[in-house]
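A short write-up of the structure that comes next.
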Amino acid sequence: MSDPLVTRLKALIVATLKLDSIQPADIPDDEPLIGSTQLGLDSIDALELVLALEKEFGVKIGSSEESRRALASVNALAAYIRKHSPGA
């Protein structure tokens, strides 16, 4: 059974970054989001994604080190949101 938050995050990634050639289900849960050969995301994509996450989930990702850890993979991102989302 898939995690609803992971599924939601994958859809948000595809929509936010306009990844027309990728389906949310095609994004591996544990593959690095930044620098991945499959997704090909760069630092500008990471910034767009962080802004979308702040808007969608109310989480603030402060430092570049914090964003590197949070954006390590979809699973890492889900864990970060669960830990830092208001009311979590």
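The values are calculated or read from the model by the stated rules, or taken from the named source; none is laboratory data. Every value quoted in this text rests on a predicted model; they were computed, and no experiment measured them. A quick note on method: Cβ atoms are made from the backbone with ideal geometry, for glycine too, and the neighbour counts reach across all protein chains shown.
Quickly run through region 1-55 and pick out the residues that are among the charged types (D, E, K, R) and closer than 16 Å to Ala78 by Cβ. Break it down into steps so the answer makes sense when it comes.
Step one: of region 1-55, the residues among the charged types (D, E, K, R) are 3, 8, 10, 18, 20, 26, 29-31, 42, 45, 48, 54-55.
Answer for region 1-55, where residues must be among the charged types (D, E, K, R) and closer than 16 Å to Ala78 by Cβ: Asp3, Arg8, Lys10, Asp29, Asp30, Glu31, Glu54.
Given the condition within 17 Å of Ile81 (Cα to Cα), modelled with pLDDT of 95 or more, basic (Lys, Arg) and in contact with a helix residue (DSSP H, G or I) (Cβ under 9 Å, 6 or more places away or on another chain), answer yes or no: does some residue in region 10-23 qualify?
Within region 10-23, one or more residues are within 17 Å of Ile81 (Cα to Cα), modelled with pLDDT of 95 or more, basic (Lys, Arg) and in contact with a helix residue (DSSP H, G or I) (Cβ under 9 Å, 6 or more places away or on another chain).
Please enumerate the residues belonging to region 1-30 that are under 17 Å from Ser67 (Cα atoms) and loosely packed, with under 11 Cβ neighbours inside 10 Å.
Asp30 - this is the single residue of region 1-30 that is under 17 Å from Ser67 (Cα atoms) and loosely packed, with under 11 Cβ neighbours inside 10 Å.
Between a first residue in region 68-83 that is more than 18 Å from Asp42 (Cα to Cα) and a second residue that is among the charged types (D, E, K, R), which pairs have beta carbons less than 8 Å apart while being 6 or more apart in sequence or on different chains?
As it stands, the answer is Asn75/Asp29; Asn75/Asp30; Ala78/Asp3; Tyr80/Arg69, since those pairs meet every condition given.
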